[in-house]
Amino acid sequence: MIKLRFASIIFLIGIVATSLGQQPKKPTSSQIYHELQNLNFLGSALYVAAHPDDENTRLISYLANDVHARTAYLSLTRGDGGQNLVGPEIRELLGVIRTQELLAARRTDGGQQLFTRANDFGYSKHPDETLAIWNEEEVLSDVVRAIRKFKPDVIVNRFDHRSPGSTHGHHTSSAMLSFEAFDLVNDATKYPETAKTFGTWQPKRLMFNTSWWFYGSREKFEEADKSKLVSVETGNYYPSLGLSNGEIASLSRSMHKSQGFGSTGSRGNQTEYLEFLKGDFPTDNTNIFDGINTSWSRIDGGAAIGNILNPLAENFNFKDPSAMIPQLVQAYELLKLSKDNHWKSIKLPQLEKLILDCGGIFLEAISETETINPKASFKVNIEAINRSGQPVVLNSIKTVSGKALNSNVVTLTNNEKTELEVQLISENDMPSTAYWLNKKGTLGMYNAPKDMIGLPETPAPEQIVFNLQIGRASLSIVRDVVFKFNDPVDGEVYRPLQILPEATSSIAEKVLIFANKNSKTVPVTVRGGRDNVSGTVLLNAPAGWKITPASLPFSLERSGESTTLNFTVTPPVTQSEGLLKPVVQVGDRYYENELVLIDYDHIPYQSVLLPSEAKVARISIEKKGQNIGYINGAGDAIPESLKQIGYDVTTILAAEISEENLKQFDAIVVGIRAYNTVPELAFAKKALDGYVENGGTLILQYNTSHRLVTQDLAPYELKLSRDRVTDEFSEVQLLAKDHKILNTPNKITEADFENWVQERGLYFPEEWGKEFTPILGMKDKGASISKGSLLVAQYGKGHYIYTGLSFFRELPAGVPGAYRLFANLISIGK
């Protein structure tokens, strides 16, 4: 179970629907006015790119808050392939975090968030590789689905579809797929299933959000032909929100905390440029929606609705928004009669929310327990209050399937709270977890149920419908059932209600390396998902591995309680790899999942169910040296990996580095991106050089060339670049076959580079002093050979090693050859 806490963050823009488990927003009059402005604009824009952080938050905020367009960001991936600057989660769990960071960003800038099933498998140099791994046809179908479902008038690509090979393959692929989809979405013979479900659609125009950067320099951009460019001013100030567009955009950008994208708010004029690609070129080249009817007259019966709502915006009652409720109810009744089902499905919920917000009408359903089991019965506390002089009647409370929970008619008089208790029996037997992780996918694609493709997160497992009568209008208001408690520090805290199994299990160490034939004790932790749960646990192992005892009993009294059971695992004599898989038996039911809890204050609390397993590997490995000092960087699991093969690892604080403190260590390992993220390292070179000069071994793992705390990384010339080898199957040449680093204490061969994951390495140096010996050569398809992945130099009596090899991925993945090679790095000179 992972539980991490960060400082509390308050979202400053309360104009967007809350996410699962988020505290409900209580908008001010100014924010209600902003809602009304959004209600009166009937136009949609879709922004398309590849990853979390790719989106231009200035343009999204401008479209949502200045133009008042319904705006969404379609991120083809969830960002699973990057690094994590706020914690240890990588891959699938990082994708969960970045999904929630995108949702936090959209809550801040006013947009919506969409996805495809594409998996961020890591950096790709060319769209040919990207689209082969992603399954081009399926991702294209997801893009077509997103456009048909969202029905944007305008599509904006973040990247240039005409630049394959010049940037990240995911980036170019996102633009290429959007460009192709533009011509497919109005053809019912293309992807007929989504055409039948959502109808066909033809956007008005497709644009590319260009800038001087894509032209190579500001000077070249100034000289370029701009006849096909639309320019919009995105630096405006919004008095009703008290923020400029640039400030909102920076707040949104700062939600990408796992990537370290904190951004300072900007004020003043800012121009964004969009290159016209397809469709109708706007006559007014400062208006993205030029030529598109975005008024209420756009829809059947809309003119009469606009005649009611437009004057409310022009003469907004900031002192008492509830005075507008009769007119809003009148517009609501007219909209229900419209034959335009698309805009009706969008604007009716907006009108409902506006009516409730104007009246200060608060509706809430709070579960008495945070977690339930499938099909369980549980209590829900209801709160309903009307804080206006307008008459409101609560006719009934029902489940979404229509089952009555309380049929007593209650008049909600001004500022008098109504509280009820209802018993709810869950109609949902699916556990609460990220839906795209429920079934195993491929390297490039997640496996998602058809009805959930594109959704940012799994819908709330339980909902309640409040049936209200406000004037002549009958409103059915759906509320998620959530959990709420009081924290001594944070006060009122909301969390999503979770449906979880009655038992889960986990092995803390996800990779267990057996460097010899000795047995190890492997603890298995069992967690109860309800009160009074008991059963047995067994541990499945690969052929040739011995597990004792065969099973162990457990008994837990309280939900959330856990116990640890110890199994003895004995490896085979010869090299072997496989998985240990705990199985929990409760009665006649078997549970094989692990529960991972992700708790950061900038995103909602997350429960993720993953297969409970740990990789085991019997590796033929020798090592020299024992005591390792580790200087943490941006976060990785290498210290734990080194302990697996018998090293004693001590964390060294960068501020405490001195030659005297370093003497005790056989080797010093510097974590990934340490020279990007640890300012104190700018002053540590003298001590580190002295340590090496006196016989020590210093291993510096990859850093990026951007935002280094010092350019002085090594005792000799060393210049970093963006060079990388992304193909984990690429051939590796042993350039220095006789070098001791390839021979002692383990003989390294080409076979040690088999079964690597995600990539070979990244940010290799491009220039280095003659003192360095390049050890390995590798390349991606169509590229020239790179020799900077592993450089070794003798300095005084010791050795300085720089490596861009992705050990931070390979060791936690249990890749045998990576362990053998890293042991050689540590052992050099011993």
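The values are calculated or read from the model by the stated rules, or taken from the named source; none is laboratory data. Note that the structure is a prediction, hence the values are computed from the model and not measured. Positions of Cβ are backbone-derived with ideal geometry, glycine not excepted, and every protein chain shown enters the neighbour counts.
Laid out as a table, the results:
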read-out	value
Pick from the stretch 127-150, criterion among the charged types (D, E, K, R) and out of contact with any Ser or Thr (no Cβ under 6 Å at 6 or more places or on another chain), ranking: surrounded by the fewest Cβ atoms within 10 Å (Cβ to Cβ)	137
Filtered residue count, the stretch 91-116, keeping only those that are aliphatic (A, V, I, L, M) and either in the same structural domain as residue 727 (by TED's automatic domain parsing) or within 10 Å of the chain's Cα centre (by Cα) (or both)	6
Pairs with Cβ under 9 Å, 6+ apart, first in the stretch 549-576 and under 23 Å from residue 513 (Cβ atoms), second charged (D, E, K, R) and crowded, with 16+ Cβ neighbours inside 10 Å	571/618; 572/618; 573/618; 574/618; 575/618; 576/618
Any hit, the stretch 389-409, residues being in contact with a helix residue (DSSP H, G or I) (Cβ under 7 Å, 6 or more places away or on another chain) and either modelled with pLDDT under 95 or not in a loop (DSSP other than H, G, I, E, B) (or both)	yes
Some residue of the stretch 474-483 being among the polar types (S, T, N, Q) and farther than 26 Å from residue 427 by Cα	no
Residue match in the stretch 28-39 (condition: within 19 Å of residue 210 (Cβ to Cβ) and hydrophobic (A, V, I, L, M, F, W, C))	no
Strands (runs of 3 or more DSSP E) completely within the stretch 426-533 that count 2 or more residues being surrounded by fewer than 19 Cβ atoms within 10 Å (Cβ to Cβ)	463-470, 473-487, 491-496, 520-528
Members of the stretch 25-46 that are out of contact with any Asp or Glu (no Cβ under 6 Å at 6 or more places or on another chain) and within 17 Å of residue 178 (Cβ to Cβ)	45, 46
Test set (1) modelled with pLDDT under 90; (2) in a loop (DSSP other than H, G, I, E, B) - residue 214 fails condition number	(2)
One residue from 751, 793, 783, 736 being assigned to a loop (DSSP other than H, G, I, E, B) and either within 16 Å of residue 824 (Cα to Cα) or not assigned by TED's automatic domain parsing to the domain that holds residue 690 (or both)	736
Hits in the stretch 547-596 (condition: part of a strand (DSSP E or B) and among the β-branched types (Val, Ile, Thr))	547, 548, 563, 564, 568, 569, 570, 583, 584, 586, 596
Residue count for the stretch 295-354, restricted to those that are of a type outside the set (D, E, K, R), within 39 Å of the chain's Cα centre (by Cα), loosely packed, with under 14 Cβ neighbours inside 10 Å and over 22 Å from residue 67 (Cβ atoms)	2
Residues (touching a helix residue (DSSP H, G or I) at 6+ places or on another chain (Cβ under 6 Å) and either of a type in the set (Phe, Trp, Tyr) or assigned to a loop (DSSP other than H, G, I, E, B) (or both)) located in the stretch 658-680	658, 672, 675, 678
Helices (runs of 4 or more DSSP H) within the stretch 302-365 that include 3 or more residues under 30 Å from residue 496 (Cβ atoms) and in contact (Cβ under 8 Å) with a residue 12 or more places away in the chain	341-358
Filter result for the condition that a residue is crowded, with 21+ Cβ neighbours inside 10 Å, of a type in the set (Val, Ile, Thr), touching a residue at least 40 places away in the same chain (Cβ under 8 Å) and assigned to a loop (DSSP other than H, G, I, E, B), over 77, 71, 99	77
Listing of strands (runs of 3 or more DSSP E) fully contained in the stretch 601-657 that carry 3 or more residues being touching a residue at least 24 places away in the same chain (Cβ under 8 Å), more than 23 Å from the chain's Cα centre (by Cα) and crowded, with 21+ Cβ neighbours inside 10 Å	614-618, 627-631
Identity of the residue in the stretch 161-170, surrounded by fewer than 22 Cβ atoms within 10 Å (Cβ to Cβ) and within 24 Å of the chain's Cα centre (by Cα), that ends up modelled with the lowest pLDDT	167
Count of the stretch 377-386 residues which are surrounded by 19 or more Cβ atoms within 10 Å (Cβ to Cβ) and either of a type in the set (D, E, K, R) or at pLDDT below 95 (or both)	0
Qualifying residue in the stretch 681-696 (condition: touching a Lys or Arg at 6+ places or on another chain (Cβ under 7 Å), outside any helix (DSSP H, G or I), acidic (Asp, Glu) and at pLDDT 95 or above)	no
Considering residues of the stretch 239-281 that are aromatic (Phe, Trp, Tyr) and part of a loop (DSSP other than H, G, I, E, B) only, the residue farthest from residue 206 (Cα to Cα)	261
Residue under evaluation residue 33, criteria (1) among the hydroxyl-bearing types (Ser, Thr, Tyr); (2) in a strand (DSSP E or B); (3) more than 25 Å from residue 163 (Cβ to Cβ), criterion not met	(2)
Residue in the stretch 273-294 that is aliphatic (A, V, I, L, M) and surrounded by fewer than 16 Cβ atoms within 10 Å (Cβ to Cβ) present	no
Any hit, the stretch 782-797, residues being hydroxyl-bearing (Ser, Thr, Tyr), surrounded by 21 or more Cβ atoms within 10 Å (Cβ to Cβ) and under 21 Å from residue 714 (Cα atoms)	yes
